[in-house]
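Written out below as structure tokens is the structure these notes cover.
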Amino acid sequence: DREKLAEQIQKAKADLANAEADAEIAAIKRVQDEEEDSYKKRMKNAQRWMDVASDAIGAIGNLMSTLYERDIDNIEKEQEANEEAYNADVERIEALAESGAISEEEAEVRKRAAEAETSRKNEELEKKKVQLQQKQAKWQKGVDIAQAGIATALAITRALPNLVLAAIVGAMGAVQIATIAATPIPAYKEGTKNGGHIGGLAIVGDGGKHEVV
């Protein structure tokens with residue numbers, strides 16, 4: 001009877017040990033599951049906020065681009081008005097010369113003066129236009145870099161927990177950001193229209209080819 005009782009006690013101890021081990025394993029798994037759920041929630045929240053940030057940056061970028069385009073359009077309208085005013089001055093001067101109110105020499109002097117004033121105004125307007133275009137390009141570059149950075153971060157969070165894939169995605173994103181950052185601000189690719197360059201230093205090479213100097 002003692003041997004039988006001893007066997008039962010040993011079996012009870014073994015069953016208790018197994019039950020305790022199972023309970024400990026279940027507790028660990030429960031904690032792991034909770035941590036995994038919490039991690040997934042944090043990742044989803046982070047992704048959602050990054051999506052919101054990307055959309056916000058894009059909206060602000062579009063707004064600023066629209067404002068720059070409006071200012072550039074206004075300058076182009078001023079340039080057209082300036083040319084129209086010059087043509088009207090020339091017609092008026094020629095009419096005065098034809099009527100005999102002024103001499104041909106005086107008419108030429110006045111036309112040269114009108115041309116010089118028109119050129120001066122056009123140079124000022126073109127300078128403002130170029131400055132706005134460069135500011136617009138710099139702003140857009142900043143927006144593109146920010147959005148590329150957010151897109152890279154999003155891709156990394158979606159690639160996790162695969163660390164190898166996350167590293168590859170991060171490297172690709174870094175290359176994209178570096179490429180955007182290295183892109184020169186458009187300056188002289190289309191030439192210097194209407195006397196756009198009035199002196200000083202110039203940014204060249206934005207057309208991807210070497211200019212002839």
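The values are calculated or read from the model by the stated rules, or taken from the named source; none is laboratory data. Everything numeric in this text was worked out from a predicted model, so none of it was measured. Cβ atoms come from the backbone with ideal geometry, glycine included; neighbour counts cover every protein chain shown. These accessible areas exclude ligands, DNA and RNA; they are computed on the full protein's heavy atoms, side chains included. Shrake-Rupley method; radii C 1.70, N 1.55, O 1.52, S 1.80 Å.
For this structure, a couple of remarks:
- Anchor LYS41: aspartates and glutamates whose Cα lies under 19 Å away (excluding residues fewer than 8 positions away in-chain): ASP33, ASP51
- Among residues other than VAL109 with Cβ under 15 Å from its Cβ, the summed charge is -4 (Lys and Arg +1, Asp and Glu -1).
- Label-point separation, ARG112 to LYS128 (7 Å along Cα→Cβ), nm: 2.9
- Residue-averaged 222 nm ellipticity for the chain, from DSSP H runs of 4+ at -39500 (n - 2.57), nearest 500: -31000 deg cm²/dmol
- Accessible area per residue for region 119-174 is 57 Å², calculated with a 1.4 Å probe on protein heavy atoms, without ligands, DNA or RNA.
- Helix axis angle, 2-99 relative to the chain longest principal axis, alpha carbon, degrees: 0
- Taking every Cα-Cα distance in the chain and sorting them into 10 Å bins starting at zero, the pair-distance distribution P(r) comes out as 7, 17, 17, 14, 12, 9, 7, 6, 4, 3, 2, 1, 1, 1, 0 percent.
- Considering only the Cα atoms of region 83-145, their convex hull presents on average a projected area of 4.5 nm².
- Cross-link check: pairs LYS77/LYS135; LYS77/LYS138; LYS40/LYS135 evaluated at a Cα-Cα cut-off of 30 Å; pairs beyond the cut-off: LYS40/LYS135.
- Taking 0.692 mPa s as the viscosity and 37 °C as the temperature, the Stokes-Einstein diffusion coefficient of region 111-172 based on its alpha-carbon Kirkwood radius rounds to 215 µm²/s.
- Using a probe of 1.4 Å, the accessible surface attributed to LEU5 totals some 100 Å² when neighbouring protein chains are kept in position.
- Region 4-110 - percent of accessible surface contributed by carbon and sulfur, probe 1.4 Å: 55
- Computed across region 44-170, the Kirkwood radius stands at 19.1 Å (inverse of mean 1/r, all Cα pairs).
- Per residue, the convex hull volume that the Cα atoms of region 1-64 enclose (Å³): 29
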